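Remarks on the structure that follows.
The values are calculated or read from the model by the stated rules, or taken from the named source; none is laboratory data. Here the structure is a predicted model, which is why all the values come from computation and not from measurement. Note that we place each Cβ from the backbone using ideal geometry, even for glycine, and neighbour counts take in every protein chain shown. The accessibility values were calculated without ligands, DNA or RNA, using every heavy atom of the protein model including side chains. Shrake-Rupley method; radii C 1.70, N 1.55, O 1.52, S 1.80 Å.
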Amino acid sequence: MKILNYINGKWENPVSGLFIDNIEPATGKKYGEIPDSDRADVDHAAQAAWKAFPAWSALPAGQRCDIMFKIADGIEQRLDEFAAAESRDNGKPVGLARVMDIPRAIENFKFFATAAVQFSSESHATGQDAINYTLRQPAGVAGCISPWNLPLYLFTWKIAPALASGCTVVAKPSELSPVTAFMLSEVCNAAGLPPGVLNIVHGLGHRAGQAIIEHPDIKTISFTGGTVTGKKISATAGPLFKKLSLELGGKNPNVIFADADMEKAVTTSVRSAFTNQGEICLCGSRIFIQRNVYESFRDAFIEKTRALKIGDPTQEENNLGALISAAHLEKVKGYVALALTEGGKILTGGQQVNPGGRCSEGYFYEPTVIEGLNDNCRINQEEIFGPVVTLIPFDTEEEVIRMANGTNYGLSATVWTENIGRGHRVAAALKCGIVWINCWLLRDLRTPFGGTNQSGVGREGGWEAMRFFTEAKNVCVKL
Ligand code: TXE
């Protein structure tokens with residue numbers, strides 16, 4: 001399957017004529033090729049985006065809204081095809097792609113289609129002398145770069161608000177999961193999105209991605225990916241005075257107090273630990289359990305973890321599919337080996353899985369639970385981004401807040417308690433951008449989304465996103 005760049009409403013080979021292999025995680029085998037784009041392709045895309053900008057930004061919001069609803073409908077009509085493609089490209093179970101990834105991509109377009117027509121700004125009367133009004137004008141051409149873990153979900157989470165605000169876009173999906181982005185270009189074209197409004201350039205991060213960050217005419221950048229890459233992007237974009245949104249990694253605490261509803265806490269904690277093979281920046285990878293319920297929670301958690309099925313992502317009964325790449329599998333294996341040297345004890349998992357048949361050379365790894373590590377060892381400080389969690393006992397609220405806040409990250413946290421006062425108090429004390437109390441990944445797209453410290457800069461979602469893709473201008477009129 002050879003996919004092409006989508007620039008100025010046309011599908012094109014990369015200028016270099018070079019392509020990269022696309023590997024299927026479940027089989028470890030090549031199944032397609034993607035453009036190895038470079039600066040020349042990004043420049044072509046930026047020119048197309050600037051040419052399309054005047055008309056798109058001047059289009060009445062209601063017409064932008066209509067086209068975005070057509071795009072949402074276009075994805076919906078091909079939902080099963082998109083789900084199968086996402087599963088094959090990422091390794092996740094097809095059932096998960098069908099109920100989570102693709103429906104959320106559809107919702108992203110519908111939600112921001114309505115934002116386009118609701119978005120407004122403020123005015124300020126200065127006594128009897130003057131009236132100020134704030135214009136929120138589209139920023140211009142936006143660069144959107146997204147990762148491989150939730151490919152279409154996160155790709156559209158940036159593109160939708162950019163288009164809704166009147167920006168045009170140069171977007172690059174991850175080279176590890178490019179197929180649904182290519183399919184999106186087909187849907188956008190069929191929905192009548194004008195040429196050049198959305199341009200999709202495929203390729204490697206250090207080449208095509210870096211070219212987007214460096215491009216002098218792409219001044220607004222929205223990135224989701226690893227913290228290490230986020231640092232590189234910041235270093236490049238800073239001196240160029242670009243407007244930057246960074247959604248990066250996490251090492252999220254999941255805090256279980258003794259008074260929690262244990263059945264719900266255990267069931268949801270298994271989900272927050274292992275959904276999408278643990279490859280979600282919001283996964284609860286450090287589970288803190290109050291000491292007097294530690295053993296009962298641990299035993300129930302292990303039992304439910306062992307019931308999870310790992311294997312061929314095309315088989316509906318499997319809960320976990322393959323990790324994204326051979327390199328990532330080695331990274332996860334490396335961290336489990338490190339855990340043992342740091343004094344950890346593996347309670348379940350810890351082995352690579354060979355499902356046999358067509359998947360015998362795929363990248364499968366057991367859901368793994370480790371105890372006996374202190375809170376500041378590397379395993380409890382660094383993002384593993386795989387199906388690996390640690391269990392850590394605690395005694396007091398103060399102690400668990402200190403440990404939960406004890407990493408360089410600050411993305412999300414989960415708190416399980418039936419004491420509402422404690423829930424609010426702990427949520428206020430946790431240093432992160434998102435706290436779930438007695439739930440996980442319950443999402444309202446109007447809410448601010450993002451992290452603190454090394455989990456990122458800025459917020460996505462709702463008006464946060466619309467304001468990111470627009471520039472505020474105050475106009476003061478003397479009365
Ligand atoms: O992501 P990268 P990777 C974490 C997770 C993972 C680690 C690395 O810990 O193991 O990041 O994953 C593009 N200029 N998360 O390497 O490199 C790249 O092509 C511009 C958490 O896959 O961050 C891809 O499109 N772009 C994260 C995107 O950046 C560059 C989800 C992400 O790739 C670039 C994914 C550059 N110099 C990984 N280098 C989350 N927060 O959900 C790379 N890219």
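Annotations
- Of all residues making up the stretch 3-22, the number that are touching a Pro at 6+ places or on another chain (Cβ under 8 Å), open to solvent by 50 Å² or more (accessible area, probe 1.4 Å) and not in a loop (DSSP other than H, G, I, E, B): 2
- First in the stretch 349-362 and among the basic types (Lys, Arg), second anywhere and open to solvent by less than 20 Å² (accessible area, probe 1.4 Å), Cβ under 7 Å, 6 or more apart: 358/27
- Residues being touching a Lys or Arg at 6+ places or on another chain (Cβ under 8 Å) and without any contact (Cβ under 8 Å) to a residue 60 or more places away in the chain - total across the stretch 136-155: 1
- Given (1) of a type in the set (A, V, I, L, M, F, W, C); (2) touching a Cys at 6+ places or on another chain (Cβ under 9 Å); (3) loosely packed, with under 14 Cβ neighbours inside 10 Å, index of the condition residue 125 fails: (2)
- Residue list for the stretch 391-425, restricted to those being within 23 Å of residue 457 (Cα to Cα), aliphatic (A, V, I, L, M) and touching a strand residue (DSSP E or B) at 6+ places or on another chain (Cβ under 7 Å): 403, 404, 411, 413
- Only strands (runs of 3 or more DSSP E) whose full extent lies in the stretch 242-343 are considered here, and the ones with at least 1 residues that are away from the ligand (no atom under 16 Å from the Cβ) and open to solvent by 20 Å² or more (accessible area, probe 1.4 Å) are 284-290.
- Within the stretch 75-87, none of the residues are in a helix (DSSP H, G or I) and closer than 30 Å to residue 477 by Cα.
- Meets criteria (touching a residue at least 60 places away in the same chain (Cβ under 8 Å) and over 30 Å from residue 169 (Cα atoms)) for residue 467: no
- Taking (1) surrounded by fewer than 18 Cβ atoms within 10 Å (Cβ to Cβ); (2) within 16 Å of the ligand (Cβ to nearest atom); (3) not assigned by TED's automatic domain parsing to the domain that holds residue 278 in turn, residue 471 satisfies each apart from (2).
- Filtered residues of the stretch 219-241 (kept if within 10 Å of the ligand (Cβ to nearest atom) and of a type in the set (Lys, Arg)): 231, 232
- Checking each residue in the stretch 164-218 for being assigned to a loop (DSSP other than H, G, I, E, B), within 12 Å of the ligand (Cβ to nearest atom) and in contact (Cβ under 8 Å) with a residue 60 or more places away in the chain picks out 175, 176, 177, 178, 201, 202, 203, 204, 215, 218.
- The residue pairs whose first member lies in the stretch 95-107 and is touching a residue at least 12 places away in the same chain (Cβ under 8 Å), whose second member is of a type in the set (Gly, Ala, Ser), and whose beta carbons are closer than 7 Å, counting only pairs six or more residues apart or on different chains, are 97/83; 97/87; 98/83; 102/83; 106/72.
- Condition check for residue 147: within 9 Å of the chain's Cα centre (by Cα), within 16 Å of the ligand (Cβ to nearest atom) and open to solvent by 10 Å² or more (accessible area, probe 1.4 Å): yes
- Pair list, Cβ < 9 Å and 6+ apart or interchain, from the stretch 237-249 residues that are free of Cβ contacts under 8 Å to residues at least 24 places away in the same chain to residues that are more than 9 Å from the ligand (Cβ to nearest atom): 238/244; 241/219
- 2 or more residues within 19 Å of residue 257 (Cα to Cα) and open to solvent by 30 Å² or more (accessible area, probe 1.4 Å): qualifying strands (runs of 3 or more DSSP E) within the stretch 360-464: 434-437
- Test result for residue 365, within 30 Å of residue 29 (Cα to Cα), at pLDDT 95 or above and aromatic (Phe, Trp, Tyr): yes
- Out of 87, 121, sole residue that is of a type in the set (Ser, Thr, Tyr), in contact with a Lys or Arg (Cβ under 6 Å, 6 or more places away or on another chain) and more than 16 Å from the ligand (Cβ to nearest atom): 121
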